[in-house]
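Enquirer: Sharing a structure, written as structure tokens. Questions coming.
The values are calculated or read from the model by the stated rules, or taken from the named source; none is laboratory data. Computed from a predicted structure; not experimentally measured. Glycine gets a Cβ as well: all are built from the backbone with ideal geometry, and neighbour counts include every protein chain shown.
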Amino acid sequence: MRWIAFVLALLLTLTACQSARAEDWRNRISIGGSITFGASYGFAFGLGLRYRERRLFVPVLGPLLELDRCRDCAGNSYEQPVLVVLIVDSLAQAAGVALVARRWYKTRPTSQVAIAPTWFDSGGGLVAFGEF
């Protein structure tokens, strides 16, 4: 199982290095998101393997699902860092996924219309202008 995870991480790294040559900012954001997600998920995956916690294998939600195990951690000073690490790890995974998803989100030009209040000699009204 560890070899499979290592081979997958190696393949992701090699594909990220090949696309790192591109000058497009979306590629750089996608690479940063891949690294962020890969590192944080790898950390959670490693902890899941070490402590046999299957919930940590679930991306993004796994660390939050694991908080259920730790109901009394907030009152125990030795277990409080566990809460922080699980929450930060889940946030890092979500940030990585969001950055990678941003790469595939394509914006297309749409018509833009703005409506503003105005005042004429004959009274007030609304003005609409924009690009179509």
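Enquirer: Tell me yes or no: at least one residue of segment 118-130 is among the polar types (S, T, N, Q) and in a strand (DSSP E or B).
Expert: The answer is yes; a qualifying residue exists.
Enquirer: Since THR110 meets every condition but one in (1) within 27 Å of ARG28 (Cα to Cα); (2) at pLDDT 80 or above, which condition does it not meet?
Expert: Checking THR110 against (1) within 27 Å of ARG28 (Cα to Cα); (2) at pLDDT 80 or above, the one that fails is (2).
Enquirer: Do you know which residues across segment 52-94 are of a type in the set (Gly, Ala, Ser), part of a helix (DSSP H, G or I) and surrounded by fewer than 16 Cβ atoms within 10 Å (Cβ to Cβ)?
Expert: Answer for segment 52-94, where residues must be of a type in the set (Gly, Ala, Ser), part of a helix (DSSP H, G or I) and surrounded by fewer than 16 Cβ atoms within 10 Å (Cβ to Cβ): ALA74, GLY75.
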